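A short write-up of the structure that comes next.
Quick note: the coordinates plus some simple rules give every number you see, no bench work behind them. Keep in mind it's a predicted model, so treat the numbers as computed, not measured. Every residue, glycine as well, gets a Cβ built from its backbone with ideal geometry; the counts of neighbours run over all protein chains shown.
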Amino acid sequence: MPDRTRPVRIDDVIAVKTIEDSCFPSPWDMDVFVTLAGSEGCITLGRGKQVSMRVIENNGNVAGYVVWVDCSDTSEGRVLNIAVRKNLQRRGFGRSLLQHVFDSLTERGIKTTTLEARESNLAAHRFYERMGMEELGRVPNYYEDEDAITYSITL
Ligand SMILES: CC(C)(COP(=O)(O)OP(=O)(O)OC[C@H]1O[C@@H](n2cnc3c(N)ncnc32)[C@H](O)[C@@H]1OP(=O)(O)O)[C@@H](O)C(=O)NCCC(=O)NCCS
């Protein structure tokens with residue numbers, strides 16, 4: 001399947017923040033998205049670490065986005081954030097975003113990736129399972145008010 005994603009741009013940030021606010025009880029600050037967009041969707045940190053952000057469009061508008069970090073030194077990736085505009089969910093946008101992350105990590109020689117989801121976020125659990133990820137365990141009080149379930153995949 002062709003990659004339908006592209007790096008985040010500064011003019012995406014308002015749309016991204018609108019999706020973020022509508023999807024999460026504790027949304028990320030705008031600053032994070034501005035910083036990533038200002039760096040063309042990729043920030044290189046020390047020790048082989050890289051943070052990336054891409055968006056996916058529907059009819060020229062941002063439909064969703066994904067943010068992940070990978071570390072070539074440890075050969076690990078971690079999905080930090082993924083969301084699709086509510087009225088565009090269940091149309092394959094999330095799958096395209098996460099598949100991009102898996103492909104990009106594979107290209108960089110990363111072998112495993114993990115992520116956390118709220119215990120109550122059943123849609124996310126079904127989505128990650130459908131993407132071939134496996135439940136790894138629970139992190140008590142990972143969120144202020146809730147445990148996290150950790151998922152992992154070997155690429
Ligand atoms: C999780 C999320 C990113 C999935 O994105 P999406 O674009 O709706 O997912 P897709 O359409 O690519 O779904 C792929 C498959 O995942 C599964 N899936 C996705 N959403 C599901 C749901 N609500 N219930 C059951 N299964 C679901 C299905 O098997 C689906 O395939 P199908 O539609 O052919 O049955 C989206 O629901 C979302 O943005 N949620 C709010 C933010 C969020 O919770 N992010 C995750 C934080 S951990």
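At-a-glance table
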| read-out | value |
| --- | --- |
| Helix-only [θ]222 nm of the chain, DSSP H runs n ≥ 4, -39500 (n - 2.57) each, per residue, nearest 500 | -8500 deg cm²/dmol |
| Packing-based exposure ordering (other Cβ within 10 Å, fewest first) of MET133, MET1 | MET1, MET133 |
| Karplus-derived HN-Hα couplings along region 82-94 (A = 6.51, B = -1.76, C = 1.60, θ = phi - 60°), whole Hz, x at Gly and Pro | 8, 7, 10, 3, 3, 6, 10, 6, 6, 10, x, 5, x |
| Sum of side-chain charges, ALA117 neighbourhood, beta-carbon under 12 Å (Lys, Arg +1; Asp, Glu -1) | -3 |
| Summed side-chain charge close to ILE14 - residues other than ILE14 whose Cβ falls under 14 Å, Lys, Arg +1, Asp, Glu -1 | -3 |
| Stretchable slack from ASP11 to TRP28, in nm (0.36 nm times residue separation minus alpha-carbon distance) | 4.4 nm |
| Counted charge near VAL34, where neighbours are those whose Cβ lies closer than 13 Å (Asp, Glu -1; Lys, Arg +1) | -4 |
| Between region 1-55 and region 58-79, the alpha-carbon center distance in angstrom | 8 Å |
